[in-house]
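Reading through the structure tokens given below for one structure.
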Amino acid sequence: GLSIVGIEAMASGVPVVSTRCGGPEAFVLNGENGYLTDFDAKNMAAQVLDICTNSELRQKFSKTARSSVEEKYGFENFKERIRQEWQGVWQEDL
């Protein structure tokens, strides 16, 4: 499912390497703000090493990770989603 720890890491500017397991695909954009991998230890290790040894890539992923989480899960978007749900259920504005 949705891995809140991955979102928290990215909100802190930490690039994420995660498996494709039915949750991280919603917030990890492969090659843009982190990496998605299959359950292959060598591939995952290579992607972690890539981030650790390439400062330009690490900085790009860090910046993109934070901004993508702010955009998708930031307070204003969350507030708007709650408002929409409330209106859909109760047919009234907050």
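The values are calculated or read from the model by the stated rules, or taken from the named source; none is laboratory data. Because the structure is predicted, anything quoted here is derived from the model rather than measured. When we count neighbours, we look across all protein chains shown, and the Cβ atoms used for this are built from the backbone with ideal geometry, even at glycine. We work out accessible area using only protein heavy atoms, side chains counted, and drop any ligands, DNA or RNA first. Shrake-Rupley method; radii C 1.70, N 1.55, O 1.52, S 1.80 Å.
Ligands, DNA and RNA left out, the accessible area of the chain computed with a 1.4 Å probe is 56% carbon and sulfur.
Calculated from the structure at hand, Cα extents along the principal axes in Å is found among [x] 37, 25, 18; [y] 51, 32, 24; [z] 52, 26, 17 as [z]. For Val17, the residues whose amide H sits under 5 Å from its own are Tyr35, ignoring neighbours fewer than 5 places away on the same chain, with H placed 1.01 Å from N. Partner lysines whose Cα lies under 29 Å from the Cα of Lys42, excluding those fewer than 8 positions away in the same chain, are identified as Lys60, Lys63. Relative contact order, whole percent, for the chain stands at 28, derived from Cα pairs under 8 Å and 6 or more residues apart. Using a probe of 1.4 angstrom and keeping all protein chains present, the accessible surface of the chain works out to 68 square angstrom per residue.
Taken about its Cα centre, region 40-86 carries a charge dipole of about 60 debye when Lys and Arg each add +1 at the Cβ and Asp and Glu each add -1 at the Cβ.
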